[in-house]
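The structure appears below as structure tokens.
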Amino acid sequence: MENPDRYTKPKLVFMAFLVALSLFLIAWFHHVEKSDVVFTHFMYLPVVLAALWWGHRGIWVAAGLSLALIVSRLFSELEVSLWVDLVRSASFLLAGAVVAELSERRNRLEDELVRQGRELESRVEERTRELKERNRDLEAYSYTISHDLIAPLVVIEGFAELLLERKVEELGEDGREYAERILKAVERMRRLTTSLLEYARAGKTEGEAEAVNPSEIARELLAEREMELRGLKASVDVRDDLPAVMVDPVKLNQVLANLLDNALKYSGKERAPLIEVGGEVREGEVVLYVRDNGVGIEAEDLGQVFEPFTRFEPGGEPGLGIGLATVKRAVEGWGGRVWVESTPGEGSTFYFTAPIAAGHGARARVDADRSA
């Protein structure tokens, strides 16, 4: 592959100047000075540069200067042997040939590196495209399967409830127990299906980002869980000064809902749940967190809590294990990051980042300066 940079106009002009100067020196010292001054050392400059720039084609410069040197020597009155200039001419050709070969090898190596780089980029693009297609297929598959499971669940639940309402006497004690087990299994299946649907939707980007107040969404979620919070005697503190973020409100609702449910689920039985929802602006982005005083997470499990279908329940009825995976999927969908800090027996703090809403960054800095 020919390198177009070899034959740029500045190189051609400079080489023409060097060749003309070399011819002038040959004529001057052979026919004017009539001296055998070793001016020919200067001629190595155009010879080497031509071979370096133009490879094997550059040897023509060495050949031309060698021929000019011999021809001029034949018509000069110097008493030095002609063999001296013949040796000099041969050295020009040899130097040009060696440099040209090295230059060609270097150019071939550069061309090969460029070719391999382009091939690697093409492979990466192809693999990335295939990965995106597979992810889309997986999302569509999980969404379709989960959605299609809901209809038969509704039918099963409906018939089980009818049996308990209308045929309760005919069922007997064993029949009622079986029907109640069916309803519990259907409810569990419904929760798992809903979780799978949420996980599939978390990876979609059809929602539009807008300025959202995390405090308002958190309080709405707490209002929906009022009975559960009372039953657990849980205390939840939501800071009023949370900076607004620029995200899809549905996704933010999904993230906070999963984190709050996770905090309540792992609250432990020794003490009443204490949950805090807070955040601040750090380096141009909003860092939000949900902190609890629950059972905590072992150090060896911290790197796996956001992986799908991973469960750490020590007992009781396990979930599907995609609640935190859904959080990660949604947060990364808007370009954020998610991580957790935890101490076993003392609680966990789940952090995630989000873009700050326009106009709220300056207000957050002013509030920080005032508090300082």
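Quick rundown of the values:
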item: Gain upon complete extension [residue 332, residue 223; 0.36 nm per residue less C-alpha separation]; result: 36.5 nm
item: Added length on full extension, which subtracts the Cα-Cα distance from 0.36 nm per residue, residue 299 to residue 190; result: 36.0 nm
item: Length gained when the stretch residue 122-residue 241 is fully extended (0.36 nm per residue, less Cα-Cα span); result: 38.1 nm
item: Residue 67-residue 111 FRET efficiency (beta carbon distance; Förster radius 22 Å; 0.05 resolution); result: 0.10
item: Distance in nm between pseudo-label sites at residue 97 and residue 178 (7 Å out along the Cβ direction from Cα); result: 10.0
item: Nearby lysines by direct alpha-carbon distance to residue 265 (threshold 20 angstrom, same-chain neighbours under 8 apart not counted); result: 184, 233, 328
item: For region 39-98, the Rg and Dmax computed from alpha carbons only, in angstrom; result: 11.6, 37
item: Ordering of 18-28, 123-133, 152-162 by burial proxy (mean other Cβ atoms within 10 Å per residue, highest first); result: 18-28, 152-162, 123-133
item: Under the Debye formula (equal points on every Cα, no solvent term), log10 I(q)/I(0) of region 234-282 at q = 0.19, 0.21 Å⁻¹; result: -0.74, -0.85
item: Residues with amide H under 5 Å from that of residue 275, placed H, sequence gap 5 or more; result: 235, 236, 237
item: Rg/Rg_ref, region 1-202, where Rg_ref = 2.2 N^0.38 Å and atoms are Cα; result: 2.63
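Every read-out reported here was derived from the displayed coordinates using simple, explicitly stated rules and does not represent laboratory data. Note that the coordinates shown come from a computational prediction; the quantities given were computed from them, not determined experimentally. Cβ sites come from the backbone with ideal geometry, for glycine too, and all protein chains shown count toward neighbours.
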